[in-house]
Amino acid sequence: MRILGIETSCDETAVAVVDDGSRVVAEAVWSSAEVQARYGGVVPEVAAREHVASVIPALETALGATGPPTGIDGVAVTRGPGLLGALLVGVTAAKALALAWDIPVVGVHHLEAHLYANALTEPLRFPALGLVVSGGHTALYRWNGHGLLQKIGETVDDAAGEALDKGARLLGLGYPGGPAIERAGAEISEPRFRLPVPRRAPERPYDFSFSGLKTALSRLAREHPEAHNELARALEEAVVAQLVARTREALQATGLRRLYLAGGVSANRRLRERLGAIAADLGVEVVAPAVRYSTDNGAMVAAAGYHRLAAGERLSLGEGPRPVYPLGE
Ligand code: KG4
Ligand code: ZN
């Protein structure tokens, strides 16, 4: 089954054609990150306007600009969570194409789509632990099967990517922050500074907290204006250490033997290395998407949509985006 996937929840206008939820046939990603960088972060109205300008060119690129493509069996689109104006562009395009081509359309959850990016690496196997770390979300899921996600922990304040983006802005490293922080700290193996480790509620052992890092970082940045690369490395270390510690504990407590990484922050090299090391230690297999499928893309949406379409799910023409969209509660 050949699915067209469309993603417009944040600052990437991304489309892809994927066969059987696992093989990418064509793809295009138009990022508005450069435009957003002028504002120091994602401005919702700017993101929506960029999607309006990019969605047709992205579709034309991925579909070869040859007019109505044959052989596409369904359309999958990110329905939420995300920015309403941004989501609306993708959902409207998806419904219009499905109507014009007389094929079904299905809405997918953005975080579920991030997890399905792993289906582009290998056939998914369940049960597994899923770590989703993106610019807007940070959560651990017990993944029991297609459509069967159970959230076991999440951030109580900022997302991991948000902490990196805010930290990068504070250190004058630009947007998006994650890659900038990674580059700035690349040469530093042991950071000279330590950022505080948050307390956590005993009854919520797998929750995360990243908002305290910003306050500590801004104080250190004022005291050590010459040491911004060191501070970038310290921030990366604090974020990675917390993600690794919680994931390790969740793996031990659940006894799950497989870990799927997902979301933009999972592109981080140190995070991948450290999770690989603890997994080897615990006898757990770690699976991660190729780096370009860690950040927002259309292929993950098509992969997730494939399973929803196969299960008979459809988005009706009367249904719109869901900017707030709980998963696995
Ligand atoms: O999944 P994603 O592309 O979009 C959302 O759903 O939010 O994630 C974007 C986030 C941003 O916060 C960005 O700074 C972070 O992922 N990111 C990284 C890296 N590449 C992107 N963080 C750490 N290391 C990276 N290499
Ligand atoms: Zn994302």
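Taken together, the values in this text are just the output of simple stated rules run on the coordinates, not laboratory data. Being a predicted model, the structure only gives us computed values, none of them experimental. Cβ coordinates were reconstructed from backbone atoms using ideal geometry, including for glycine residues, and neighbour counts include every protein chain displayed.
In the neighborhood of Glu237, defined by Cβ-to-Cβ distances under 12 Å, what is the net charge if each Lys or Arg adds +1 and each Asp or Glu adds -1? Can you show the working numbers first?
On the way: positive: Arg192, Arg194, Arg233, Arg270, Arg274; negative: Glu182, Glu190, Glu230, Glu236.
Cβ neighbours under 12 Å give a net charge of +1.
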Average projected area [Cα convex hull, region 248-329], square nanometres: 7.4
Karplus 3J(HN,Hα) series, Hz, for region 244-249 with 6.51 cos²θ - 1.76 cosθ + 1.60 (x for Gly, Pro): 5, 4, 5, 5, 4, 4
Extreme residue, positive dipole direction of the chain, given options Ala216, Val42, Leu171 (C-beta unit charges): Ala216
Tail beyond 20 Å, pair distance distribution of region 164-248 (Cα, percent): 30
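Given just the C-alpha atoms of region 80-131, how large is their convex hull per residue in cubic angstrom?
Numbers: hull volume 5.4 nm³, N = 52.
Dividing the Cα hull volume of region 80-131 by its residue count gives 105 Å³.
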About the Cα centre, charge dipole magnitude for the chain (Lys/Arg +1, Asp/Glu -1 at Cβ), debye: 620
Under 16 Å from the Cα of Lys151 - aspartates and glutamates, other chains or at least 8 residues apart: Glu112, Glu203, Asp207, Glu249, Glu329
Equivalent ellipsoid dimensions for region 163-206 as semi-axes, Å, which come from the Cα gyration tensor, largest first: 25, 15, 9
Cα gyration tensor of the chain - equivalent ellipsoid semi-axes, whole Å, descending: 33, 23, 16
Under the Karplus curve 6.51 cos²θ - 1.76 cosθ + 1.60, θ = phi - 60°, whole-Hz ³J(HN,Hα) for region 129-134, x wherever Gly or Pro sits: 9, x, 10, 9, 10, 10
Between region 196-224 and region 270-297, the alpha-carbon center distance in angstrom: 23
Spatial separation of Cα centroids for region 254-268 and region 118-133, in angstrom: 7
Quotient of Cα Rg and 2.2 N^0.38 Å for region 37-146, N being how many residues it contains: 1.23
Reach of Lys214 by Cα under 16 Å, taken over lysines that are not fewer than 8 positions away in the same chain: Lys166
Computed magnitude of the charge dipole of region 159-250 (debye, nearest 20; Cβ of K, R +1, Cβ of D, E -1): 280
C-alpha long axis of helix 160-170 to longest principal axis of the chain, angle in °: 60
